[in-house]
Amino acid sequence: MKSVKYIIMALTLMVATQVLADGTQMADLNIIQGKQAELVIELSNADRNYVAFQLDLKLPEEVHVVSQSNGDPAISLSQDRSDGHLLSVSEISPGTYRLLAYSMSYKPFKDTSGPLVTVLLEAAQMSQAGSYTVTLTDQRFTDA
């Protein structure tokens, strides 16, 4: 009988203090080894309309961003909130991604809170199940 190992990732948010007192949040996420799961990064903001943001996403060694067919990481803006914004993603070091979103026409994101970015993750081969931490750092938001 073949055994199946379950990898449970507790995604804990470590947020740098924002000058504007706003930030992002993530919910805990369970990933089964060899399967994919969506991590949703949400904007947690009371009333400010942002036009751009930058943040760094750091993943543990055991977790990877899925690659799209063109080789780009499977990280995207929430389609119902982006309103023409562009997202640039760069792997700045192994397992650390810098996300930069902006609008060439200086439009604010739709709504002030809710889903902002979706990251498609996959758990790599591991020797044991456990909890792992994902961090968001160097968050910068720009309003009009």
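FYI, it's all coordinate maths here, none of it is from the lab. On a predicted model such as this, the values are computed, not experimentally measured, just so you know. Cβ placement follows ideal geometry from the backbone for every residue including glycine, while neighbour counts extend to all protein chains displayed.
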The range 63-127: chymotrypsin sites (Phe, Trp or Tyr not before Pro) in DSSP coil with no more than 11 other Cβ atoms inside 10 Å: TYR106
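Please work out the ratio of the alpha-carbon Rg of the range 20-144 to 2.2 N^0.38 Å and round it to two decimals. Kindly include the intermediate steps, with their values, before the conclusion.
Numbers: Rg = 14.8 Å, N = 125, 2.2 N^0.38 = 13.8 Å.
Against the compact-globule rule of thumb, the ratio is 1.08.
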Are there trypsin sites (Lys or Arg not before Pro) in the range 26-86 that DSSP puts in a loop and that have at most 14 other Cβ atoms within 10 Å, and which ones? LYS35
Taking the alpha-carbon distance from LYS58 and a cut-off under 19 Å, which aspartates and glutamates remain once sequence neighbours fewer than 8 residues away in the same chain are dropped? ASP28, GLU38, GLU42, ASP72, GLU91, GLU122, ASP138
Using a Debye calculation, one point per C-alpha and no hydration shell, please list log10 I(q)/I(0) for the range 26-71 at q = 0.26 Å⁻¹ in order. -1.20
TYR102 label point, 7 Å along Cα→Cβ, cut-off 11 Å on backbone N: hits in the range 38-69? 52-54
Modelled label reach - ASP138, point 7 Å along Cα→Cβ, the range 57-77 residues with backbone N closer than 14 Å: 57-59
Looking at the range 72-137, what % of the alpha carbon pairs are farther apart than 20 Å? 41 percent
